[in-house]
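Report on the following structure.
The values are calculated or read from the model by the stated rules, or taken from the named source; none is laboratory data. Keep in mind it's a predicted model, so treat the numbers as computed, not measured. Here the Cβ positions follow ideal geometry from the backbone for every residue, glycine too, while neighbour counts run over all protein chains shown.
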Amino acid sequence: MTTLISRPSAKAVKVMKCALFVAFYEEFVMPSKIHVIFYSTYGHTYALAEAIAQGCREISEVDAEMFQVAETLSSPILEKMGALELRNRFSHVPIADPKKLSEADGIILGSPTRYGGATAQMRAFIDATGSQWVKGELIGKVGAAFTSTASQHGGQETTLLSLATFFLHQGMTFAGVPYSARELLSMEEITGGSPYGASTIAGAKGERVPTSNELAVARAQGRHVANLARKIKAD
């Protein structure tokens, strides 16, 4: 008995070709995506976020997007804190959506420290990722963190390590800053930056801005995460 196999229609062939092209593009051509997500009160963490995104974009076939987490403080409170006008500098940055984290190959979170941990605003964002955890949507992606403190020993490393637990629970690879970034060894100034992540010292009144050394560490972290994300995606 002979079985006749019908020839696919021209439309079906066209659909299959389109599907193959999309699969090829996503696998071999589409750039790796890095989401740099931050919370900033006076702009210090925002400055680090910009440097990190710049470092990511220095790596070929990598696209970095910046997002900020939603503010929970009212405008009158922010005005009393002297932060309302300063926050206008990055009001153009879109609000991060936990549902879109799965679109990224790497996720870098930045938050000022509050008693050695992340801010309530960043914690609220993290706490909204339960669905991603249940579905395992972030497993295999790269994660990293950065921070700022008012003082030299204000909890930078504890904040970075506390953020690391989020990435580990999500099944992600946590990336810091390798010592190939020689700025980590600088003894010429009081500076932020550690193997756990980029950081800056804002000063008790927020009067200090990120130094060239701290921004160099941030760019190095961006390059490191971008390279890892690109390699993992290629595998």
Helices (runs of 4 or more DSSP H) contained entirely in segment 97-214, each with at least 3 residues that are under 14 Å from the mean Cα position of the chain (by Cα) and either crowded, with 18+ Cβ neighbours inside 10 Å or among the aliphatic types (A, V, I, L, M) (or both): 120-127, 156-169
Looking at ALA104, ALA128, which one is within 21 Å of ARG219 (Cα to Cα) and not β-branched (Val, Ile, Thr)? ALA104
Of everything in segment 17-67 that's aromatic (Phe, Trp, Tyr) and loosely packed, with under 11 Cβ neighbours inside 10 Å, which residue is modelled with the lowest pLDDT? TYR25
Boolean, ALA220 is modelled with pLDDT of 95 or more, surrounded by 12 or more Cβ atoms within 10 Å (Cβ to Cβ) and in a helix (DSSP H, G or I): yes
Could you grab me the full set of residues in segment 72-115 that are at pLDDT below 95 and among the small types (Gly, Ala, Ser)? SER74, SER75, GLY82, ALA83, SER91
